[in-house]
Amino acid sequence: MTPAVALAVPRARWRMSRRTARALKGAFGVALLLVAWQVSVPMVGMSAYFYPAPIDVAHAFVDLIRKGVLPVYIADSLGRYAIGIGIGTALGIVFGIAIGLSRRTALALSPLLKFLFALVEVAWIPIFVVWFGYGVKTIVLALIYVVFFPVLYNTLLSVRTAPAVLVNAVRSLGGGRIDVLRYVILPSALPGMITGLRLAAGFAFRGLVFGEIIAAKTGVGYLIFEGAQSQQTARTIAGMIVMGFLWLGIDQCYLRPFERATVQRWGLTIDAADRL
Amino acid sequence: MKAGRTEAFVLGALPFVAIVVTWALLPHVVDYPAYMLPPISAVVGYARESLQDGSLVHNIVASLARLAAGFAIGMALAIPTGLAIAMNRHVADVFRPLLSFLQAIAGIAWVPLTIIWFGIGNGSVIFVIANTIFFAALYNTVLGVETIPLALHRAVRSHGGRGIKLVTQLILPGALMQILLGMRTSVAYGWRALVASEMIAGSSGLGYMTMEAVQWQRVETIILGMIIIGVLWVIMDRVVFATIERRTVGRWGLLQR
């Protein structure tokens, strides 16, 4: 005789993980916008020049890839961005440390630096155009400018706030100036450099697009501008979408891993206002 | 303390003096076409001229009015949206990826499109500023609500606070500090967007004034514009926003930096 065993058979229930649910909901939000946009096109009843449909944008996108324009433009934009960030960061760090080492130099230069930091790079573009003409030189200079000041300023700030106790400790243990620089100044300047770079990365990306709108013949910013100029509005929107993905890509692939490896590991905080 | 201040002031003035002296001496040392860097007297002359005919004041007022309009629209949209995202998980899940994407293209990239929609002028510029400020303020609103201590949340709820009362008594005051602190950053982004969009799509304003001067190679106009853009921002940041912070967040004893 078999005892009646009430086996608690778990009901096969398909449960989504929280992540999948989130991704699905997010996709739903995007789909919602696309559908609303497509449906609103006949309701608005304007020409594709004024209000193109998502389908038009998709066509423009395929067209841009097929003609080989898009890869070239993206490469050009990223190249300019990398050069601007690279040179701007390097100069900012070097000058930040050099100025920060001397109290008097720091005192003397900080009002000017604050003013130049406050004077947005956008305002320099007209004078750069007069001096260097419309072209890559103007864009790269504006990018170097916009990266240089946040990096310099934050580096300077953290060099100046390096604890004197540590400096004295290294010196009393017989360390020279080089040792102070290497064991105290550089490590304490690092958070400033990273904060500055993080701030600069966002400003520089916007600066890049603006510079390309004003003064380029290639690049994603130029694509956005040129599409509107030649009445191919779908191209403009395709360009904006590419720009969005580029920034999200830069943020996800470079900035976030970089922050995780440095700032978060050391328990520092960072104010990334251009991130939701 | 007093001696330190004088020292800082004197030292801090030195680089500015050095720049002016270099600028005055440069034409005698290096040979360059006069239009590339006009003498200081030309900039001062243009400043006097544009003050007398009122065009300078007109451009400054136009820029500031647009910034104010864009700021008001952007904040008015950002705070309710931010509250909705921060208070409801479903709303957050559905709209967060979309908004992150739109945030990545916020600002100046909209100008070519807004020129088609609104033409050259106020409409385009205000749209871009409002768009820029919206996303910066949205971030701060969401962050503000998320940093309200859970204990406070529970306390209000356990006393029966819900619905509109929860919002007015807890969420808004709790998030207010971050919203106020975030205004400074939002306006920094907005100012940048203002100058940039006026250069492309303006018919007046400081950005328009400097970009317009490029055509006529009037560098004295550009330099004057740059100085005013820099000084105005310093005044706004140091005087207006610092005062707001001191009067509100600082006075409530919440400032922690």
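No other residue among B:V214, B:V240, B:V195, B:V187 is within 8 Å of another protein chain (Cβ to nearest Cβ) and within 14 Å of the chain's Cα centre (by Cα) apart from B:V195. Being outside any helix (DSSP H, G or I) and of a type in the set (D, E, K, R) is a condition met by at least one residue of the range B:48-55. Residues that are buried (at least 18 other Cβ atoms within 10 Å of the Cβ) and more than 30 Å from B:A109 (Cβ to Cβ) within the range B:131-155 comprise just one, B:I148.
Looking across the range A:209-261, the residues that are at the interface with another protein chain (Cβ under 10 Å from one of its Cβ atoms) and of a type in the set (V, I, T) come down to A:V209, A:I213, A:I214, A:V220, A:I224, A:T233, A:T236, A:I237, A:I241, A:V242, A:I250.
Might you check whether a residue that is touching a residue at least 24 places away in the same chain (Cβ under 8 Å), closer than 17 Å to A:G196 by Cβ and within 12 Å of chain B (Cβ to nearest Cβ) occurs anywhere in the range A:85-104? Yes, because at least one residue in the range A:85-104 is touching a residue at least 24 places away in the same chain (Cβ under 8 Å), closer than 17 Å to A:G196 by Cβ and within 12 Å of chain B (Cβ to nearest Cβ). It is to be established whether one or more residues within the range A:172-193 are within 14 Å of chain B (Cβ to nearest Cβ) and assigned to a helix (DSSP H, G or I). Within the range A:172-193 (the criterion being within 14 Å of chain B (Cβ to nearest Cβ) and assigned to a helix (DSSP H, G or I)), the answer is no, since none of the residues qualifies. Being in contact with a helix residue (DSSP H, G or I) (Cβ under 6 Å, 6 or more places away or on another chain), under 30 Å from A:Q38 (Cα atoms) and in a helix (DSSP H, G or I) is not true of A:F128. Any residue in the range B:162-176 that is in a helix (DSSP H, G or I) and under 30 Å from B:I108 (Cβ atoms)? There is at least one residue in the range B:162-176 that is in a helix (DSSP H, G or I) and under 30 Å from B:I108 (Cβ atoms). Number of residues in the range B:1-41 that are within 14 Å of chain A (Cβ to nearest Cβ), over 26 Å from A:K114 (Cα atoms) and either among the basic types (K, R) or part of a helix (DSSP H, G or I) (or both): the value is 2. When the test is whether a residue is more than 30 Å from B:G12 (Cα to Cα) and either in contact with a Pro (Cβ under 9 Å, 6 or more places away or on another chain) or at pLDDT 90 or above (or both), A:A60 passes it. In the range B:99-120, of all residues being assigned to a helix (DSSP H, G or I) and more than 8 Å from chain A (Cβ to nearest Cβ), the one that is surrounded by the fewest Cβ atoms within 10 Å (Cβ to Cβ) corresponds to B:F118. Within the range A:16-34, residues that are more than 10 Å from chain B (Cβ to nearest Cβ) reach partners that are part of a helix (DSSP H, G or I) and among the hydrophobic types (A, V, I, L, M, F, W, C) with beta carbons closer than 8 Å, at six or more positions or on different chains, in the pairs A:M16/A:L24. When B:V125 is tested against (1) modelled with pLDDT of 85 or more; (2) among the aliphatic types (A, V, I, L, M); (3) out of contact with any Asp or Glu (no Cβ under 7 Å at 6 or more places or on another chain), only condition (3) is not met.
Out of A:I127, A:I74, A:I85, I need the residue that is more than 28 Å from B:G12 (Cα to Cα) and surrounded by fewer than 21 Cβ atoms within 10 Å (Cβ to Cβ). Which one? Working first, answer last.
Details: A:I127 fails: more than 28 Å from B:G12 (Cα to Cα); A:I85 fails: surrounded by fewer than 21 Cβ atoms within 10 Å (Cβ to Cβ).
Answer to the selection: A:I74.
Residue count for the range A:27-82 satisfying the condition of being under 30 Å from A:G202 (Cβ atoms) and in a helix (DSSP H, G or I): 31.
I'd like to check something: does the range B:76-94 contain any residue that is buried (at least 17 other Cβ atoms within 10 Å of the Cβ), closer than 30 Å to A:A228 by Cβ and hydrophobic (A, V, I, L, M, F, W, C)? Scanning the range B:76-94 turns up at least one residue that is buried (at least 17 other Cβ atoms within 10 Å of the Cβ), closer than 30 Å to A:A228 by Cβ and hydrophobic (A, V, I, L, M, F, W, C). Taken over the range A:221-276, the criterion of being modelled with pLDDT of 80 or more and among the β-branched types (V, I, T) is satisfied by A:I224, A:T233, A:T236, A:I237, A:I241, A:V242, A:I250. Within the range B:26-42, the set of residues being at pLDDT 90 or above and either hydroxyl-bearing (S, T, Y) or over 22 Å from A:P126 (Cα atoms) (or both) comprises just one member, B:S41. May I ask you to list the residues in the range A:178-216 that are without any contact (Cβ under 8 Å) to a residue 24 or more places away in the chain and either of a type in the set (V, I, T) or under 20 Å from A:I139 (Cα atoms) (or both)? Residues satisfying the conditions are A:I178, A:V180, A:V184, A:R206, A:I213.
The values are calculated or read from the model by the stated rules, or taken from the named source; none is laboratory data. Keep in mind that this is a model prediction, so the values were computed, not measured. Ideal geometry is used to build each Cβ from the backbone, glycine not excepted, and the neighbour counts take in all protein chains shown.
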